[in-house]
Structures are given as C-alpha cells and as structure tokens.
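S.K.: Please find one structure pasted underneath; my questions will follow.
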C-alpha cells in the first residue's frame with residue numbers, strides 16, 4: 001500500500017533550520033535500533049544480521065544511517081550525537 005511509505009516531517013525547537021525529524025512508522029523502530037546499540041557495543045556484522053532488510057517499507061538501518069543517527073567506528077556501530085538527540089525527543 002503506497003500510504004505505508006509516506007513520511008511526515010516536523011521541525012524541532014532548538015534544531016538548526018535544515019534539520020528535520022521523521023515522524024512516521026519508522027521512528028519507533030529507529031528508536032529501538034538506537035536503544036539496542038546503546039546497551040552494549042555492537043559490531044557492524046551484528047547490526048547487519050539483525051537490522052538490515054530489503055523491504056522498502058522498513059528500511060530502519062538505511063534511514064538511521066542516512067539521517068546521521070549512527071556511524072561506524074572500525075568494526076563497531078555507534079549512536080551519534082544526532083542519534084542521541086533524536087532519541088531524547090522520542091522518550
């Protein structure tokens with residue numbers, strides 16, 4: 001269904017003008033990913049095994065990466081300051 005792929009954006013107070021936050025069905029899943037990454041160090045291989053998908057309706061890993069919420073540091077994946085800020089707006 002095409003509407004499942006719609007995304008809505010809103011500006012957050014205090015964020016730079018060009019930063020928007022996704023408000024859609026992916027946001028809770030991205031929060032799950034970020035919280036999962038914060039619990040303990042995760043390798044890129046671990047993240048790919050658990051979170052990568054070819055489903056165009058649930059690109060959790062891809063969205064988190066594209067939005068700058070996560071980054072690779074050697075073999076590990078870390079939550080970025082932008083990811084922490086996104087997470088704090090959702091809890």
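The values are calculated or read from the model by the stated rules, or taken from the named source; none is laboratory data. All figures in this text were calculated on a predicted structure; none of them were measured in a lab. All Cβ positions, even for glycine, are placed from backbone atoms using ideal geometry, and neighbour counts span all protein chains on display.
S.K.: Considering only the range 48-81, how many residues are in a helix (DSSP H, G or I) and either touching a residue at least 40 places away in the same chain (Cβ under 8 Å) or in contact with a helix residue (DSSP H, G or I) (Cβ under 7 Å, 6 or more places away or on another chain) (or both)?
M.R.: Our first condition is that a residue be in a helix (DSSP H, G or I); within the range 48-81, this holds for 48-51, 60-66, 81.
If we keep only those that are either touching a residue at least 40 places away in the same chain (Cβ under 8 Å) or in contact with a helix residue (DSSP H, G or I) (Cβ under 7 Å, 6 or more places away or on another chain) (or both) too, we end up with 51, 60-61, 63-64.
Total meeting the criteria: 5.
S.K.: Give 89, 3 a once-over and let me know the one that is on the phi < 0 side of the Ramachandran plot, assigned to a helix (DSSP H, G or I) and either at pLDDT 90 or above or in contact with a strand residue (DSSP E or B) (Cβ under 7 Å, 6 or more places away or on another chain) (or both).
M.R.: Working: 3 fails: either at pLDDT 90 or above or in contact with a strand residue (DSSP E or B) (Cβ under 7 Å, 6 or more places away or on another chain) (or both).
Testing whether each residue is on the phi < 0 side of the Ramachandran plot, assigned to a helix (DSSP H, G or I) and either at pLDDT 90 or above or in contact with a strand residue (DSSP E or B) (Cβ under 7 Å, 6 or more places away or on another chain) (or both) leaves just 89.
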